[in-house]
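Here is the structure we will look at.
No lab work stands behind these numbers, since they all come straight from the coordinates. Note that the coordinates shown come from a computational prediction; the quantities given were computed from them, not determined experimentally. Here the Cβ positions follow ideal geometry from the backbone for every residue, glycine too, while neighbour counts run over all protein chains shown.
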Amino acid sequence: MHVGAFVLAAQFPGQGQQEVLHRAVRTAVAAEEAGLDSVWLAEHHFVPYGVCPSAVTLAAFLLGRTRRIGVSTAISVLPTAHPVALGEQAALLHLTSGGRFTLGVGRGGPWVDLEVFGQGLAAYESGFPESLDLLLRWLGEPRVGADGERFAFREVDVVPRPGELLDGPEAPPVVVACTSPASVRLAAERGLPMLLGMHCGDEEKAEMVALWRKTALAAGSSPEEVAAAGHVSAGVAQIADSRADAAEVLTKAMPGWLRQGLAAHVTVDGRERRMRDPRAYTELLCDLHPVGPPGLCADRLAATAERTGISRFALLAEGTGDLTATEENVRRLGSEVLPLLPC
């Protein structure tokens, strides 16, 4: 099993944004020191839910601050970016880090971001497949041109080429955030592993993995490729001496962050949206994920792996909003939970 830290750069009430970003950096460094496998970096625009607007930029900084740990975006919002620009950045990080970078991409939401970046609602509603395919071509071919609905340009050289890495994968791995059957099929048809959200329980994730497998096999992936897909399950981790203590610190801190963070999202077209009840959502996350003493947390991760077939985890450890508590939580995750997990 492979356990990583999911870093949202969440701004809790009363916190400054520099303080939040400092905690994000310290969380990633603590994850490497604790022996975790990876760090997964979220990207959001214009909301305190997460104050990192460029996951690839933060990834570059953290790749320079660390030496061993994998650094991944979770996710770079493809409808607000040009896929060639994102592909160039991914190739640069892939080569300069010696293959430690993973590019996670997704559709994001129908937010005002689409207006600000000039992409429009169509980039979210129908443009994601074209953007994803152009990105994949950029990461896999020496020269690329485009003649699509959104992107059209003459053939140009790919510089730098990801395949120039001397010892490691030919290109940075690409993971797709999936929240619907359509996105599951999209990822499966391209043989790309999924990143599944922390709001999903094991049963829902197992259904998505089953659909992915069926679709990938029908699209021509081999059984060996399907078995080695490497899907990622996002979740929350809070280590304490009892489950009650762990749940208490999260239910005290997380609702305030969720309330101000989720409420700040503005849709680009004024469509009505529902906001989760912050306390109920926090309680749901505590029920779904490794929240409690080390043995319980290890058992919960192992159970998720058995039920879903997923053995890679990206766990949010900053649920208290406090730097010292977050670093201690990451330390305990590495020293007390990881040794209890199957290899």
Got a sec? Charge dipole of segment 176-285, +1 on Cβ for Lys and Arg, -1 for Asp and Glu; which of V209, T282, V236 is way out at the positive end? T282
Quick shape check on segment 77-218: root eigenvalues a ≥ b ≥ c of the Cα gyration tensor, a/c under 1.5 is rounded, otherwise prolate if a/b tops b/c, else oblate, and it reads oblate
Can you give the Rg to Rh ratio for segment 1-148, taking only C-alpha atoms and Rh from Kirkwood? 0.99
Cα gyration tensor shape for segment 92-154, rounded if a/c is under 1.5, else prolate or oblate: oblate
Signed unit charges on C-beta, dipole axis of segment 72-138, positive-most listed residue H82, W138, V116: W138
GluC sites (Glu not before Pro) within segment 241-291: DSSP coil, no more than 14 neighbouring Cβ in 10 Å: E272
How much net charge surrounds F46 when only the other residues with a Cβ under 14 Å from the Cβ of F46 are counted, with Lys and Arg +1 and Asp and Glu -1? -3
Å³ per residue enclosed by the Cα convex hull of segment 173-296: 137 Å³
Over segment 228-329 - Rg/Rh using Cα atoms and the Kirkwood inverse-distance radius: 1.03
Sequence order, segment 164-169: Karplus ³J(HN,Hα) from phi using 6.51 cos²θ - 1.76 cosθ + 1.60, θ = phi - 60°, Hz rounded, Gly and Pro as x, gives 7, 4, 6, 9, x, x
Under the definition of Cα pairs under 8 Å and six or more residues apart, what whole-number percent is the relative contact order of the chain? 21 percent
When you count, for each residue, the other Cβ atoms within 10 Å and take the mean per peptide, how do 222-228, 157-163, 212-218 rank with the highest first? 212-218, 157-163, 222-228
Cβ under 15 Å from V266's Cβ, V266 left aside: what net charge do those residues give with Lys, Arg +1 and Asp, Glu -1? -1
Take the chain, connect every pair of alpha-carbon atoms lying under 10 Å apart with a spring to form a Gaussian network, then pick out the residue of G235, G99, G64 with the largest mean-square fluctuation. G64
Explain nothing, just the number: dipole magnitude of segment 264-323 about its Cα centre with +1 on each Lys and Arg Cβ and -1 on each Asp and Glu Cβ, in debye rounded to the nearest 20. 200 debye
Electrostatic dipole magnitude of segment 9-115 [Cβ: Lys, Arg +1; Asp, Glu -1; Cα centre; debye, to 20]: 280 debye
Only Lys, Arg, Asp and Glu count, each charged at its Cβ (+1, +1, -1, -1), so figure out the dipole size of the chain about its Cα centre, rounded to 20 debye. 180 debye
In units of 2.2 N^0.38 Å, what is the alpha-carbon radius of gyration of the chain? 0.96
antiparallel share of DSSP beta bridges within the chain, to nearest 5, in %, is 15 percent
Between segment 103-134 and segment 216-277, what's the alpha-carbon centroid distance in Å? 20 Å
Two-decimal Rg to Rh for segment 42-106 - Kirkwood Rh, Cα set: 0.96
Once a ≥ b ≥ c are taken as the square roots of the eigenvalues of the Cα gyration tensor of segment 13-58, is the result rounded (a/c under 1.5), prolate (a/b larger than b/c) or oblate (a/b not larger than b/c)? oblate
Sparse-neighbourhood loop hits (trypsin sites (Lys or Arg not before Pro), segment 266-343; DSSP loop; Cβ within 10 Å at most 12 others) -> R271, R273, R274
Added length on full extension, which subtracts the Cα-Cα distance from 0.36 nm per residue, S126 to D245: 38.3 nm
If I stretch the segment between A228 and M1 completely, what's the gain in nm (0.36 nm per residue apart, minus their alpha carbon distance), one decimal? 80.4 nm
Just to confirm my numbers, what's the Cα centroid distance between segment 75-92 and segment 1-43 in Å? 21 Å
